[in-house]
Each structure stands twice: as C-alpha cells, then as structure tokens.
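The values are calculated or read from the model by the stated rules, or taken from the named source; none is laboratory data. The model shown is predicted, which means the values in this text are computed figures rather than measured ones. Heads up, the Cβs are rebuilt from the backbone with ideal geometry, glycines too, and the neighbour counts pull from every protein chain shown. Accessible surface areas use protein heavy atoms only, side chains included; no ligands, DNA or RNA. Shrake-Rupley method; radii C 1.70, N 1.55, O 1.52, S 1.80 Å.
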Amino acid sequence: MLAKLGSCLLLSIALLSPGPRTQAMKGVKCGGVLSAPSGNFSSPNFPRLYPYNTECSWLIVVAEGSSVLLTFHAFDLEYHDTCGFDFLEIYNGASGDRGNLLGRFCGRVPPPPFTSSWHVMSVVFHSDKHVASWGFSAGYQKDVCGGVLTGLSGVLTSPEYPNNYPNNAECRWVIQAAGPAAVKLVFVDFQVEGSEQCSYDYVAVLGGPGPARGHHYCGGTRPPTLVSLGHELQVVFKSDFNIGGRGFKAHYFSGECQEVYTAVRGNFSSPQYPSSYPNNIRCHWTVRLPPGYRVKVFFLDLDLEEPNSLTRACDFNHLAAFDGASEEAPLLGNWCGHHLPPPVTSSHNQLLLLLHTDRSSTGRGFSVAYIGVVPMNVSCSRTDFQILISTQALASLDRTNVYLGSRSCAAQEVGSNFRIQARFDTCGTESQRRNNTSVIVSVLYIDFSAAGQEDVHAYEVRCEPRRKEASVHLLSGSDWLGPYAATAEHLQEAPPRDEAEGLEGPMTMVAQDTSDIVFLGLCILAGILMVIAIVVLMLL
C-alpha cells in the first residue's frame, strides 16, 4: 500500500510540476555493445530530454583490421566551460584507458566525425542531477574513409587496403595534435595509379612544408616522411573512374608521441610517464645531431609488458632503437619487460626510438637520457696524452677546430685522423687528486661554430699515470643521467670498424711510453755493475 501511495504521489508531482526537469527520468537502461557493420544510437529518451544521474557506455566493435567512422546527426547537452556536468566522451578503443580519450563534448556544437585507429571505439554519456537537455543522435560505419584523427598515433589506409581501392573514391582525414605539437606522417606502403602530374588518382598532403604547403603523390614510390608546419595535417585520397591499385598505408604520430631532438644532450620518456602509457600507440622519437656526433642513449627506467611466454620474444609491447632516422635503418636493440638495457650508440649522427603498444596490458613505460659523443681513441703514458679522432667523423672541421687546452695546441692531420700528442707540462694540463688518486687533467675542445654562431663543445680528458689509463668525461657533469651518473662519464668510444682500419696506420706514429723500458734497463745495468763490483772485490 505504501509503495502504491508513493507511486501515486510521484506521478502527481510529475503531472503538476511544469518545466523540463519534470520530463527527465532516472534509472533508464542504456548503452551496450554495437557489433553490426553500421548502426545508430542516441541518448536515452531522444529526442525528448535525457534523464538525470545517468551513465551510458556504448562499445562499438567491427571486424578485425577495420576502422570505425563515428558521425553525429544531432547534439544538445548542458553547456559548461570544461564540460564538467553533462558530457559525451569518445575513446579510440576501450573507455577504461584514459590514454585512448579522443575528446569530451557538451553544449550545442556537435563533435566532428571521428575515425578510430583500430576496430574498437567507445562512447560514454554522462548526466548529473541538474538541468537536462535533448541529448544526441549518432551513427557509425565500418571502413568508411575520412574523419578527424586526434589520437597520439594511428594508421591511415586507402579504402579496402591491401586490396585494390574502389573507383570514384574521395576521402579526407584531418589529423590534429594536442596543443602546439606537430604531426608526423610516415608512409609504409604506396601503390596508386601514376600520371605525370598525379591528375588521375592521388594522395594530397596539406599543411606540411613547402612553398604551396601541399603536395600530391601517385605512382609506386613512397612519399617522404612529412611533418606539419602547425598542429594539423590534412590527407586527401582521390581515385577516378578507372584503373586502381593497392593504395597506401601510413602511420601518423602527434603530440608527445613524436619528437625530434637536436640538442647535444637531453631526456625524454613515454607518454604519460610515470603513469601508464596508452594502449594501441606507435610513437617515434628521433635524435638528430650535427655531423660528426654519435648518439649515445642511456636507459634510466623501463617497465613494459613482459615477453611472450612461448617465444620469449617482445611480441606485444616493446621499445626498439634504430641506427638512423627511420625504421628501415639497422636495428640496435628491441626490449620489453623490466630489465634495463645497456647504453646503445649510433654509428652516425641520428638515432630513432620506437615504442609500440598493443590493446592490453600497460606499464610505466620508459625514461631515457642521451648525449652526443665524438668517437675518439684516447690513451696516455707517464708523460703525455695521445688523442686520435677520425677526420671522417669531423668531416666539416679543420684541424685548428680540434685542440687541447688552448688553440696553440691544435691537432695535426695525420693520414685520415686528427692527432694530438701533448706532454703533461703543456696545453693547460694540471695535476689533481680525484677520489684520493692523482690524475692528470686537460680539456679537449671541438669547435663546431659556423655562420657567426658560437658552438664549442668541451670534454675533460683524464689520465692516471701509474696505471696509464685515460678516459673522456663530460665537462659539465652527469647528474642528469640518473643511475648512470657514476659510470656514464666515460665517453670514450671505440671507433667503428671502417674508422678503426684508418686508425691502424697513424697509431704506429704515436710515441710509445719508454719510461718502463728505461727503468728496467737501468735496474738490469745496476745489477750487472753490482755483480762486477762484488767479483772485483773478491779477486782483490
């Protein structure tokens, strides 16, 4: 009876109280899994007012290898500057991972069309306990080309790739980076009908470098890696009425998922570090230093998904280093799990780090530090330093740009190497005590200055005369290298094989340390003289 009385009272209040809030209802079931190739869904009660205190979650799942295009037919949610009351969230994958969030929306301006970078997309609708509005209506389709891409990374393909694309297709993607970051586009496959001016089928990239800020590509040659001038890059694909091809596949990188570092030393880490990195991303970090440098990378932290228990390989989430600026360069290493890799060094002045994550299991990610080093061979005797640097490593420099202590101690060009041989009483060399050990210290300068811009880099060269052990150290210290601070200061690099061959000849010209030989000779001579003296005394 009490229950019936309560229901009657609630119904009476609903009928007698005017206004939109009376039309909103609580407890409406909503959300679910949408697995058809296409479909429509909307907020509860649409086109009437949605209920208060409602949370709906739709998971859109299409065929593996496909993508989802989400578009909005109508949109009207309570407005707030940060959409803190009623809102709609769109995820590039499962909604449980905040790293997959494509955007949060409210008000009356509908979200743009969104394309997922894989076959799953999530939509979450939330309303609070005040102010209801008309809600939204949306539709989705599988494998429809075009849309707005705002994820950290993703994949673009022509329709029906890798099968031939259809005739009379026209697709337009807008890739937007968060904040002021740039967008990078890397083509991994490309086969589009060719013509002299790409007037039939083509891929156009707008918003990148160049006088026209737009480039058309066709044929079978992959376009170069393209980086936007601003935070947006547009890609247009168009085919005519006949003759097709396999089409194209490209990866895009944006925001903190792609960076190019040109400073001689620096640090970077995975997205959201030390929080968990997002699922389903592919990120690029490129270190590009002046010619003559090698890139040395130190791993400060690593926490990725463990290797495949069957193959023991890093088949899921992994971090890879390439000896160059692209994934086609030689592989320096591929890591996963928690074990810190040893430092890696490039053979030239560029190095690429790639992070790939799958659709499950995330971790803390990684943190690295890098430094530019010049490959050199440093040794010492009890009296002097010997330094050899390949002229090929410093191809743009003259011998006077390489000097020890002061410019009066410039290198000599001997064969294919810059050579410095200096006694400890010259070239600004001084004796110091380090960790209760007597060491001889000087400073090696390499002058990269050009076009009126000063750019001189300094390395501290040390020698322990008793052991005749030499090492090269960062002049400004190495606290920024974290756990490697105590060991990473030794920057001497073994020259690459092709340079080592060039070092063999000049190495014979370096003065060898004869002090030990002289000392031994004197000892032997003294011993002989002593024996002779004893014999003479006995004869007398």
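Is it the case that some residue within segment 99-111 is under 30 Å from the mean Cα position of the chain (by Cα), touching a residue at least 60 places away in the same chain (Cβ under 8 Å) and assigned to a loop (DSSP other than H, G, I, E, B)?
Checking segment 99-111: not a single residue is under 30 Å from the mean Cα position of the chain (by Cα), touching a residue at least 60 places away in the same chain (Cβ under 8 Å) and assigned to a loop (DSSP other than H, G, I, E, B).
Looking at segment 250-267 only, could you name the residues that are surrounded by fewer than 17 Cβ atoms within 10 Å (Cβ to Cβ) and not β-branched (Val, Ile, Thr)?
Ala263, Gly266, Asn267
Going through segment 314-327 one residue at a time, which ones are farther than 21 Å from Thr262 by Cα and either of a type in the set (Lys, Arg) or open to solvent by 40 Å² or more (accessible area, probe 1.4 Å) (or both)?
Selection gives Asp315, Phe316.
List pairs: first in segment 241-263 and part of a helix (DSSP H, G or I), second surrounded by 19 or more Cβ atoms within 10 Å (Cβ to Cβ) and among the charged types (D, E, K, R), Cβ under 8 Å, 6+ apart or cross-chain?
If the second residue must be surrounded by 19 or more Cβ atoms within 10 Å (Cβ to Cβ) and among the charged types (D, E, K, R), the pairs left are Cys257/Arg282.
Filter segment 272-297 down to residues that are in a loop (DSSP other than H, G, I, E, B) and open to solvent by less than 30 Å² (accessible area, probe 1.4 Å) and give me whichever is nearest to Leu355 (Cα to Cα).
Ile281
A quick yes/no check of all residues on (1) over 23 Å from Pro113 (Cβ atoms); (2) at pLDDT below 90; (3) in contact with a helix residue (DSSP H, G or I) (Cβ under 9 Å, 6 or more places away or on another chain):
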| residue | (1), (2), (3) |
| --- | --- |
| Gln176 | no, yes, no |
| Gly214 | no, yes, no |
| Thr225 | yes, yes, no |
| Lys238 | no, no, no |
| Asn242 | yes, yes, no |
| Glu259 | yes, yes, no |
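Exactly one condition in (1) surrounded by fewer than 20 Cβ atoms within 10 Å (Cβ to Cβ); (2) not in a strand (DSSP E or B) is not met by Phe72; state its number.
Condition (2) is where Phe72 drops out.
For segment 394-427: of the residues being touching a residue at least 60 places away in the same chain (Cβ under 8 Å) and assigned to a strand (DSSP E or B), which is farthest from Asn349 (Cα to Cα)?
Gln421
In segment 43-69, what residues are open to solvent by 40 Å² or more (accessible area, probe 1.4 Å) and of a type in the set (Ser, Thr, Tyr)?
Ser57
Pick from Ser158, Ser133, Ser95, Ser122: which is at negative phi and either of a type in the set (Asp, Glu) or touching a Cys at 6+ places or on another chain (Cβ under 8 Å) (or both)?
Matching residue, one of Ser158, Ser133, Ser95, Ser122: Ser158.
Which count do you get for residues in segment 379-393 that are aliphatic (A, V, I, L, M) and either outside any strand (DSSP E or B) or surrounded by fewer than 22 Cβ atoms within 10 Å (Cβ to Cβ) (or both)?
Residues flagged as aliphatic (A, V, I, L, M) and either outside any strand (DSSP E or B) or surrounded by fewer than 22 Cβ atoms within 10 Å (Cβ to Cβ) (or both) within segment 379-393 amount to 1.
On the given criteria, is Leu300 in contact with a Gly (Cβ under 7 Å, 6 or more places away or on another chain), modelled with pLDDT of 90 or more and not in a loop (DSSP other than H, G, I, E, B)?
Against the criterion (in contact with a Gly (Cβ under 7 Å, 6 or more places away or on another chain), modelled with pLDDT of 90 or more and not in a loop (DSSP other than H, G, I, E, B)), Leu300 qualifies.
Please verify whether segment 131-154 includes one or more residues that are acidic (Asp, Glu) and modelled with pLDDT under 85.
Yes - at least one qualifying residue is present in segment 131-154.
Just checking, which of Ser396, Ser449, Ser367 is under 30 Å from Ser117 (Cα atoms), under 29 Å from the mean Cα position of the chain (by Cα) and not aliphatic (A, V, I, L, M)?
Ser367
Do the conditions hold for Thr115, that is, is it open to solvent by less than 20 Å² (accessible area, probe 1.4 Å), closer than 30 Å to Gly220 by Cα and either among the aromatic types (Phe, Trp, Tyr) or out of contact with any His (no Cβ under 9 Å at 6 or more places or on another chain) (or both)?
Yes.
For segment 148-168, which positions are more than 19 Å from the chain's Cα centre (by Cα) and surrounded by fewer than 23 Cβ atoms within 10 Å (Cβ to Cβ)?
Matches in segment 148-168: Val148, Thr157, Pro159, Glu160, Tyr161, Pro162, Asn163, Asn164, Pro166, Asn167, Asn168.
Step by step: first the residues of segment 328-362, then only those that are crowded, with 18+ Cβ neighbours inside 10 Å and aliphatic (A, V, I, L, M), then the one that is farthest from Met121 (Cα to Cα). Which residue is that?
Once the filter is applied, the top-ranked residue is Val344.
Looking at segment 118-137, which of its residues are buried (at least 24 other Cβ atoms within 10 Å of the Cβ) and not in a strand (DSSP E or B)?
Ala132
Criterion first (outside any strand (DSSP E or B) and either of a type in the set (A, V, I, L, M, F, W, C) or crowded, with 21+ Cβ neighbours inside 10 Å (or both)) does Cys171 satisfy it?
Spelling it out, it is not the case that Cys171 is outside any strand (DSSP E or B) and either of a type in the set (A, V, I, L, M, F, W, C) or crowded, with 21+ Cβ neighbours inside 10 Å (or both).
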